[in-house]
Each structure stands twice: as structure tokens, then as C-alpha cells.
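*Asks:* So that we are looking at the same thing, I have put the structure below in C-alpha cells.
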Amino acid sequence: MKKFFLNFGETLQRLWKVFYLKAEANQKKTIAILIISIMTITIGIFSLQYVREVFRATEIETTVYNKIDTKYILPMDYQNSDQQIKDSKTIAVMFCQPHGETYKKVLAILNDPSQEETLNRKFYFYPIVYHSDQMAKDYQINPNQVTFVYFKKGEEKNRFVVEEMTHLNSEFVPKLNRLSQRYLD
């Protein structure tokens, strides 16, 4: 094993000497290759980040938003959700993971025609899928709960947590209707 590492080290030294001699003989070409390599790697890294975010947004669109069948839930642009909250004059947002019992109950209530008639507002859905720890910190939410937050000019004005309700079927819609009531101009 020791002999292998010694041979491997000698081979690396020989390769480095060959590279150094060729690089020294063609300095301009070597510098151009290094600059192009650094630029290519940098562009590749930034492209990977962008592609990953686009992929995540597309994944949210196809796996979460396409399964929601109510006219009161509006999908957020997942890549620009935080900016959308900051830039909106007023916005109501539902933060939750797109699964679980409470989430299913909320969707069932919103799909119930008798409840839909009494609901006076639409709200955005910000699914907690990626970066849940950061999102929980930024918005002071528990990612395992369904939380509705009303923002005015990017500042939180009111909130409620669905899991804190004792009679979800009778309390949810009135509470959602009152979410922004006292803050409207």
C-alpha cells in the first residue's frame, strides 16, 4: 500500500513537471486556457443554480398547484414569492406543506359549495417544500402547521393558525374573512 502511494506521488510529480514545462513554453496559450476554464466553471455553477430553481418552481407547479381545485387559492410564483409579498399593497398568504390532514380539511372546506358562498376573499398559497427552515425563520411559522398571514406593504398585520381552531368547519371561513378586515383602507 505504501509503495502504491509512493508511485502515485511520483506519477503526480512527473505530470506536474510536464504540465509546467508546456505551460512555461506557451504562456499566452496557458493563460487563455485558464481564463476560459475559470469562466466556463463560473458560468456552469451559476447556470446550475438557476436551473435548479426553475426545476423546483416547475415541480411545485405540476405537483402542488395543479392538484388544487378551488377558485379561492391563487398560486404564488415560487421563485419570486418573497418579493411578491414585499411588493404587494395587500396580500393574504397560506403557508403550509402540501400534504397532511389539516391541509386536506382546508381544501375540503374550500371545495364545499356552501362554504364557498360565504368566503369573501382569495388568498395565495406558499407551499413549504424547499428551504423550510429558512421560511420558518423568515415568517415565524411552524412548517408543520397551516398558517394564514395577512401582509400590508410587505409587513405582517394579522395571522391565524388553523390547528388552533377547535371547530374547523364553523370557524375557518369567518376567521379567514376577518383576516384583513380591520386593515383595509
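*Asks:* What is the sum of charges, Lys and Arg at +1 and Asp and Glu at -1, for the other residues whose Cβ falls under 11 Å from the Cβ of Gln79?
*Replies:* Net local charge, Gln79 excluded: -2.
*Asks:* Here is a further query. Identify, among Ile36, Ile141, Thr11, the residue whose Cα sits farthest towards the positive end of the charge dipole of the chain, taking +1 on the Cβ of Lys and Arg and -1 on the Cβ of Asp and Glu, with the dipole about the Cα centre.
*Replies:* Sorting the options by dipole projection puts first Thr11.
*Asks:* Could you count how many Lys pairs in segment 1-105 have their Cα atoms under 17 Å apart, skipping same-chain pairs fewer than 8 positions apart?
*Replies:* Pairs that pass both the separation and distance tests number 4.
*Asks:* Take every DSSP beta bridge whose two residues both sit in the chain, then give the antiparallel share in percent to the nearest 5.
*Replies:* On the way: 12 of 19 bridges.
Approximately 65 percent, going by the DSSP bridge assignments.
*Asks:* Here is a follow-up. Can you check what the net charge comes to around Gly9, using other residues whose Cβ is under 12 Å from the Cβ of Gly9 (Lys, Arg +1; Asp, Glu -1)?
*Replies:* Net charge around Gly9: +2.
*Asks:* Another question, if that's okay. Per residue, how many Å² of accessible area does the chain show with a 1.4 Å probe? Kindly include the intermediate steps, with their values, before the conclusion.
*Replies:* Values: 12720 Å² over 185 residues.
The answer is 69 Å² per residue.
*Asks:* Same structure again: Let me have the 222 nm mean residue ellipticity of the chain computed from DSSP H runs of 4+ only, each contributing -39500 (n - 2.57), with the sum over all residues rounded to the nearest 500.
*Replies:* Mean residue ellipticity at 222 nm (helix-derived): -18500 deg cm²/dmol.
*Asks:* Report in % the part of the accessible area of the chain that belongs to carbon and sulfur, leaving out ligands and nucleic acids; probe 1.4 Å. Don't skip to the end; give the middle numbers.
*Replies:* Values: 7220 of 12720 Å².
Answer for the chain: carbon and sulfur cover 57 percent of the accessible area.
*Asks:* Next up: Defining a contact as two alpha carbons under 8 Å apart and six or more residues distant in sequence, what relative contact order in percent does the chain show?
*Replies:* Relative contact order here is 20 percent.
*Asks:* Using each residue's phi in segment 52-64, evaluate 6.51 cos²θ - 1.76 cosθ + 1.60 at θ = phi - 60° and report the 3J(HN,Hα) Karplus result to the nearest Hz, with x for Gly and Pro.
*Replies:* Taking θ as phi minus 60°, the curve returns 5, 5, 5, 4, 4, 4, 5, 4, 4, 4, 7, 9, 10 Hz for segment 52-64.
*Asks:* Next question. Please report how far the C-alpha centroid of segment 3-47 lies from that of segment 77-141, rounded to the nearest whole angstrom.
*Replies:* If you average the Cα positions of each part, the centres end up 51 Å apart.
*Asks:* From the list (1) 96, 27, 20; (2) 81, 43, 27; (3) 69, 33, 29, can you say which value of Cα extents along the principal axes in Å was derived from the structure given?
*Replies:* Given (1) 96, 27, 20; (2) 81, 43, 27; (3) 69, 33, 29, the structure-derived one carries the label (2).
The values are calculated or read from the model by the stated rules, or taken from the named source; none is laboratory data. It should be emphasised that the depicted structure is a prediction, and the values quoted were computed from it without experimental measurement. We place every Cβ from the backbone using ideal geometry, glycine too, and count neighbours over all the protein chains shown. Just so you know, the surface numbers come from the protein's heavy atoms only, side chains and all, with ligands and any DNA or RNA stripped out. Shrake-Rupley method; radii C 1.70, N 1.55, O 1.52, S 1.80 Å.
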